[in-house]
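Novice: After the structure tokens below, expect a handful of questions from me.
The values are calculated or read from the model by the stated rules, or taken from the named source; none is laboratory data. Everything numeric here is computed off the predicted structure, so don't read it as measured data. Neighbour counts run over all protein chains shown; Cβ positions are idealised from the backbone, glycine included.
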Amino acid sequence: MFLVDSHCHLDSLDYENLFQGPDEVLRRAHEAGVTHLLCPGVDFESFPRMYDMIKELPHVWGAAAMHPENITPDNRDWKDEVLEEFLSRDKIVAVGETGLDFVCTPETRDIQEESFARQAVIAEKMKKPLIIHARGSAARCLDILNGVNCRDAGGVMHCYCDTVEVARRSLDMGLFISISGIVTFNKGENVREVCRYVPLDRMLVETDSPYLAPVPKRGKPNEPAFVSYTAKAVAELKGVTYETLCNTVSRNFEECFRVTLD
């Protein structure tokens, strides 16, 4: 049985106070039954450091992209060839984390949309799935994907917290829906509603660590091991066994990111 944390920021964990290094993070994850991980990139400056961390780690993949919160007037003119070179590296399986954030950084909406559209075109060109950050912007993300005719790349709506209707549109476009620890929060009923709606064979689970630790670890720094709590909550909502949930989302991960778990 496999369980995959489909989105964790290994390079952002606290290695000064909580962990001795990524090997310890993986050990704790494996003890919790979490066997495989994917670490997304968030900007071009930090990507090389993240890549150096994960490239020798077993059963860990990465992604490269410009996160919408990190797009500024100073770096909006990033070069396609830089991202394409990152995406050509071994173990880099997706364009992510990209998308739009109209909650934290609404002032850069225009350049976020421009950047996301460019990254979607590159994803289509390089046949890499997208990891989509869509905070207050999920419907607009889908509009942009349609506008640039990016339907074959595929991908996932990461840390989904929008409506059932937008989830339906996402599924119709062939995207997966990823459920985070928000599904366990007292105020997470909208995510639980989406979780009940989304077919099990179109779902992933994630931590988004070090953020959004699920109950019963709420308020603590998140880590990949904790995706097991999210998976158990999802299994209960879907009315399936934990083993069935783990096996299904692992197959979904293989399909979404075009990898083989071993």
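Novice: Within region 209-254, restricting attention to residues that are among the hydrophobic types (A, V, I, L, M, F, W, C) and in a loop (DSSP other than H, G, I, E, B), which residue is nearest to Met1 (Cα to Cα)?
Specialist: This residue is Val240.
Novice: Which of the numbered conditions does Cys195 fail, given that it passes all the others? Conditions: (1) surrounded by fewer than 21 Cβ atoms within 10 Å (Cβ to Cβ); (2) touching a strand residue (DSSP E or B) at 6+ places or on another chain (Cβ under 9 Å); (3) assigned to a helix (DSSP H, G or I).
Specialist: (1)
Novice: Restricting to region 74-98, and then to whatever is out of contact with any helix residue (DSSP H, G or I) (no Cβ under 7 Å at 6 or more places or on another chain) and among the small types (Gly, Ala, Ser), can you tell me which residue is farthest from Asp43 (Cα to Cα)?
Specialist: By that ranking, first place goes to Ser88.
Novice: Which condition number does Val82 fail, the rest of (1) β-branched (Val, Ile, Thr); (2) closer than 21 Å to Lys128 by Cβ; (3) in contact (Cβ under 8 Å) with a residue 40 or more places away in the chain being met?
Specialist: That leaves (3) as the condition not met.
Novice: Do we find that Met173 is buried (at least 24 other Cβ atoms within 10 Å of the Cβ) and under 28 Å from Glu84 (Cβ atoms) in this structure?
Specialist: no
Novice: Go through region 2-34 and report how many residues are at pLDDT 95 or above and aromatic (Phe, Trp, Tyr).
Specialist: Residues flagged as at pLDDT 95 or above and aromatic (Phe, Trp, Tyr) within region 2-34 amount to 1.
Novice: Please verify whether Arg168 is part of a helix (DSSP H, G or I) and either out of contact with any helix residue (DSSP H, G or I) (no Cβ under 7 Å at 6 or more places or on another chain) or surrounded by fewer than 20 Cβ atoms within 10 Å (Cβ to Cβ) (or both), treating the condition exactly as stated.
Specialist: The answer is yes for Arg168.
Novice: Please work out if Ile111 is β-branched (Val, Ile, Thr) and buried (at least 21 other Cβ atoms within 10 Å of the Cβ).
Specialist: No; evaluated as a whole, the condition is false for this residue.
Novice: So, in region 76-96, how many residues would count as being exposed (fewer than 15 other Cβ atoms within 10 Å of the Cβ) and part of a loop (DSSP other than H, G, I, E, B)?
Specialist: So the answer is 5.
Novice: Could I ask something else about it? Of the numbered conditions (1) under 27 Å from Lys232 (Cα atoms); (2) crowded, with 19+ Cβ neighbours inside 10 Å, Pro68 fails exactly one; give the number of that condition.
Specialist: (1)
Novice: Moving to a separate point now. Given the criterion within 19 Å of the chain's Cα centre (by Cα), under 16 Å from Tyr211 (Cβ atoms) and in contact (Cβ under 8 Å) with a residue 40 or more places away in the chain, identify the matching residue among His7, His36.
Specialist: His7 is the lone residue from the list that is within 19 Å of the chain's Cα centre (by Cα), under 16 Å from Tyr211 (Cβ atoms) and in contact (Cβ under 8 Å) with a residue 40 or more places away in the chain.
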